[in-house]
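Only one structure is covered here, and it is reproduced in the block below.
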Amino acid sequence: MRLSDLPLPNRLRRRTERQYLVARAFNRRRALKSTVNRTGKIRKGDILAFVTMRNERLRLPYFLQYYRDLGVNHFLFVNNDSDDGSGNWLAEQPDVSLWWTNASYKRSRFGMDWINRLLMTYGNGHWCLTVDPDEFLIYPHCDSRPLPALTDWLDASGRRSFPAMLLDMYPRGNIEDEIYEEGTDPFRIARWFDPANYTITKNSYYGNLWIQGGPRTRRYFTADPLSGPALNKTPLVKWHWRYAYVSSTHMLLPRSLNLVYEENGGEQASGCLLHAKFLSNFTEKSAEELDRRQHYANSKEYRAYHAGLRRGTTLWCSESREYDDWRQIEDLGLISRGNWA
């Protein structure tokens, strides 16, 4: 269904909601204090990455190197009151601009007001990648074609957004048994994933697909799978200042940005975000976030993790698959080349 075919009241509601989110992001500008602003170095055509983080010092060196190698030109970070040295380390990186806030993560719509603000100010006209420090984008040909090749193709195809399913990665044994060391590839440890066990529904109002399942649902939400975390994301967008993320990167407005799939046969190109959440510091991070209670639904997800951790921290099962490369993920139907041969 085309946007023009939708009932007018829904179109007006979405337009009003988008305008509200843009205004809300603009009004949150006072919450962000610039630590170091190198955005003057951003050039036309640069690919930008937008990240909210708290206490991620251990992950940051590999994260930045991964995306530098992939083709990101500049990183814009929001530091939510870290106390582990993350801010000082990021401030020293020549391709990073950094803002600090001690405002409530929950009351900022889980950081999206801050990100929408930076996207509005600096992302207009750029391809913008919005990810967490434990999310690593892969896509067809990513081993030989960097991000600029993908975004050039998306531009030529008339596409303004690119989807990526969140793929939870985990070690074979107990999560805490193999210590993750700073600067190393997390997928040398968290090499396993669920090849199936996913459900897809369509959100008729926003138009996005809603994907759930995988090891977190299997392990922590068995009693109520529909309350498990969403795995659908649209992290890469050719940004316009009038756009806004509605809920994390799960969905955007305008609605057309969510229509990243075919309904009449065929496939559109898509990727995955390899999710390196389940490393040796997972128990510590979960306890911290549960104590802060700054996450969605009164930290329901972290309460499930806490309950599950008492039963052990192994996510591996007999159906788990060891990760090889993007071609393996494509063969399993989790990403697609579409017309990008």
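The numbers here are math on the coordinates, done by the rules we state, and not lab data. What you see is a predicted model, and the numbers here were worked out from it, not measured in a lab. Counting neighbours? That spans all protein chains shown, and the Cβs are built from the backbone with ideal geometry, glycine included.
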- Query: What list of ³J(HN,Hα) values in whole Hz, one per residue of region 190-199 in order, does the Karplus curve 6.51 cos²θ - 1.76 cosθ + 1.60 (θ = phi - 60°) give from phi, with Gly and Pro shown as x?
  - Reply: 8, 9, 10, 8, 8, x, 9, 6, 10, 10
- Query: With Cβ to Cβ distances under 10 Å as the rule, what net charge do the other residues near residue 167 carry (K, R +1; D, E -1)?
  - Reply: -3
- Note on the structure: Non-local residues with an amide H under 5 Å from the amide H of residue 238, with H modelled 1.01 Å from N and Pro and chain starts lacking one, are 128, 161
- Message: To check you understand DSSP bridge types, tell me what percent of the beta bridges within the chain (both residues inside) are antiparallel, rounded to 5.
- Response: 55 percent
- Message: Calculate the FRET efficiency for residue 199 and residue 157 from the Cβ-Cβ distance with a Förster distance of 22 Å, rounded to the nearest 0.05.
- Response: 0.15
- nm² value of the averaged projected area, convex hull over the Cα atoms of the chain: 16.7 nm²
- Add -39500 (n - 2.57) for each DSSP H run of 4 or more in the chain, then divide by its residues: what number comes out at 222 nm, to the nearest 500 deg cm²/dmol? -8000 deg cm²/dmol
- Query: Too long at a 18 Å Cα-Cα cut-off: which of 202/233; 41/233; 106/233?
  - Reply: 41/233; 106/233
- Using amide H atoms built 1.01 Å from N in the peptide plane, name the residues 5+ places from residue 210, or on other chains, whose amide H lies under 5 Å from its own. 201, 202, 203
- Query: What is the set of long-range amide H partners of residue 313 at a cut-off below 5 Å, with H atoms built 1.01 Å from backbone N?
  - Reply: 175
- Task: Please build a GNM for the chain, connecting alpha carbons under 10 Å apart, and tell me which residue among 174, 264, 116 fluctuates the most.
- Result: 264
- Message: Rounded to whole Å, give me the distance from the Cα center of region 178-212 to that of region 51-66.
- Response: 18 Å
